[in-house]
Amino acid sequence: MNSSADLYQQACAVIPGGVNSPVRAWHSVGGIPLHIESGSGSRITTVDGTELIDFCGSWGPLILGHAHPRVVAAVAKVAEKGLTFGATTPAEIKIARLLTDMIPYLDMVRLVNSGTEAAMTAIRLARGFTGRSKIVKFDGCYHGHSDSMLVSAGSGLLTGGIASSAGVSDATTREVLVAPYNDIEAVNELFAKHGHDIAAIIVEPVAGNMGLVKPEKGFLECLREITNSHQSLLVFDEVITGFRLAPTSYGAICGITPDLTCLGKIIGGGMPIGAVGGTKAIMEQLAPLGSVYQAGTLSGNPVAVAAGIETLEILRETKPYDEIQKKAQAIGAGLSSNGLHCCKLGGIFTFFFSKNPVSNLTDAKLCDTKKYAEFFHFMISKGFYLPPSQFEVAFVSAAHSDHEISLFVNATKDFQTPV
Ligand SMILES: Cc1ncc(COP(=O)(O)O)c(C=O)c1O
């Protein structure tokens, strides 16, 4: 068997950077990325034969843990009958009904293949529906890698963002206005200047891509009010939060109804999927009924849909959320007594290596990322796998046992106090 180091070298020869998604390359923590052989429940096993308790959970889909037997059985059963047809299957109706039942304000959903596609479709739909071109997004929120979503704030807050990737045209960048997360005054200024031309605000209602950053009191309410008063749409990107904190969306939990919702990760139970959902009036603007084009050869893929349905049904039946939250609380309590600062919500958590609370990207950037890198490698040496970046969130799954949580907390005791 090849070691992770051997495989990384081989991968680098045929895959740019050796990875199919950049953060997997461990550039922000250093070292050679581990290559994974298998996963079961809360644990992964690397090709080097090391077993690790996993708090990354494939970046979010695995709320039930790795290879949940019911999910795997559902996938295997469907796969035997054919992998794709490019025509509608009954299971697509079933998952659409599940999603619209579990998130009561969704009338309709369109299935896509990733969170990126969900956000890209939501943006196009918002533009098509309103006949406007500009989008407001928040610095540090990630909505996948479509061109317009790869824009982050520079100092040009009121004039348009700065592309954070080469290859994004100036014309695209000019259409995206960027505000700091949790800064309602900045949003008001953008609307005062461009309100008549803003198609939508897109926001992670709980931000999970600069570490975990919660919305401050009133922030989401203000976004709802200002979009209503300017006839713009409010898009909640719930690719991380959907079904993560309860068997529904964060919007339903906090009582704020967005016009469009982006879903992904958990709704595919580990298979590639995404969805955009909203009211009938907006969703019917999508082709073939409306003039907003969107399509996908593998959209609604039977295998992905089977994994998603099984996952959602298990979540609805077993409601593991209180248990998951208790475990995350134990981590938070244990870590603060060990001198580490943990921000958590439900089963989502981040250790911020910072003296100050983090409420936006500017705060997040003050974190000691070198210390996080040390912590990451220290925890691997103790048998725990965390996200390989200070700015990604970690997850407790239903598969983590109380014993594993105490092992984790105990392991952090030996790490020197961070800041
Ligand atoms: C909030 C959010 N939106 C969209 C995406 C993009 O999803 P995907 O990686 O499935 O394209 C992500 C990915 O992490 C995400 O966290």
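Every read-out reported here was derived from the displayed coordinates using simple, explicitly stated rules and does not represent laboratory data. Please read all numbers here as calculations on a predicted model, not as lab measurements. Because the Cβ atoms are built from the backbone with ideal geometry, glycine has one as well, and the counts that use them run over all protein chains shown.
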### Task
Could you tell me which of rounded, prolate or oblate describes the chain, using a ≥ b ≥ c as the square roots of the eigenvalues of the alpha-carbon gyration tensor, with rounded for a/c under 1.5 and, failing that, prolate when a/b is larger than b/c and oblate otherwise?
oblate
### Message
If I stretch the segment between Lys94 and Asp414 completely, what's the gain in nm (0.36 nm per residue apart, minus their alpha carbon distance), one decimal?
### Response
110.3 nm
### Query
Share of antiparallel DSSP beta bridges in the stretch 69-317, in percent to the nearest 5?
45
### Query
If you place +1 on the Cβ of every Lys and Arg and -1 on the Cβ of every Asp and Glu, how big does the dipole about the Cα centre of the chain come out, in debye to the nearest 20?
180
### Summary
Ranked output for segments 124-132, 345-353 by mean other Cβ atoms within 10 Å, highest leading, reads 345-353, 124-132
### Query
Each label point is 7 Å from the Cα along the Cα-to-Cβ direction; what then is the distance between the points at Asn188 and Thr84, in nm?
4.9
### Query
Taking the Cα centre of the stretch 69-317 as the origin, how large is its charge dipole in debye, to the nearest 20, when only Lys and Arg (+1) and Asp and Glu (-1) carry charge on their Cβ atoms?
440
### Query
Which is farthest toward the positive dipole end of the stretch 49-163 among Phe55, Val72, Leu83, measuring Cα position about the Cα centre, with Cβ charges +1 (Lys, Arg) and -1 (Asp, Glu)?
Leu83
### Query
What full-extension length gain, to one decimal in nm, is calculated for Leu289 and Glu317 as 0.36 nm per residue of separation minus the Cα-Cα distance?
6.6 nm
### Task
Using a/c under 1.5 as the rounded threshold, could you call the stretch 1-157 rounded, prolate or oblate? The axes a ≥ b ≥ c are square roots of the C-alpha gyration tensor eigenvalues, and prolate needs a/b larger than b/c, oblate otherwise.
oblate
### Task
Filter the cross-link list Lys137/Lys344; Lys265/Lys370; Lys217/Lys344; Lys214/Lys355; Lys326/Lys413; Lys77/Lys327 down to pairs whose alpha-carbon distance in this structure exceeds 27 Å.
Lys265/Lys370; Lys77/Lys327
### Message
Please report the antiparallel percentage of the DSSP beta bridges confined to the chain, to the nearest 5.
### Response
60
### Query
Which of the trypsin sites (Lys or Arg not before Pro) found in the stretch 278-357 are loop residues per DSSP with 16 or fewer other Cβ atoms within 10 Å of their Cβ?
Lys355
### Query
Which stretch or stretches of the stretch 18-54 have amide N atoms under 13 Å from the point lying 7 Å from Lys382's Cα along the Cα→Cβ direction?
53
### Query
Considering every pair of different Cα atoms, what Kirkwood radius, in Å, is found for the stretch 69-317?
18.2
### Task
Take the Cα of Asp402, step 7 Å along the line toward its Cβ, and report every residue of the stretch 307-337 whose backbone nitrogen sits under 18 Å from that point.
320-335
### Summary
Between the modelled labels at Glu225 and Ala166 (7 Å from Cα along Cα→Cβ) the distance in nm is 4.5
### Query
If one computes the Cα centroid of the stretch 110-127 and of the stretch 368-419, what distance in Å separates the two points?
33
### Message
Compute the distance from the alpha-carbon center of the stretch 1-74 to that of the stretch 194-270, in whole Å.
### Response
29
### Task
Using a Gaussian network model of the chain whose springs link C-alpha atoms within less than 10 Å, name the residue from Thr121, Thr318, Thr173 with the highest mean-square fluctuation.
Thr318
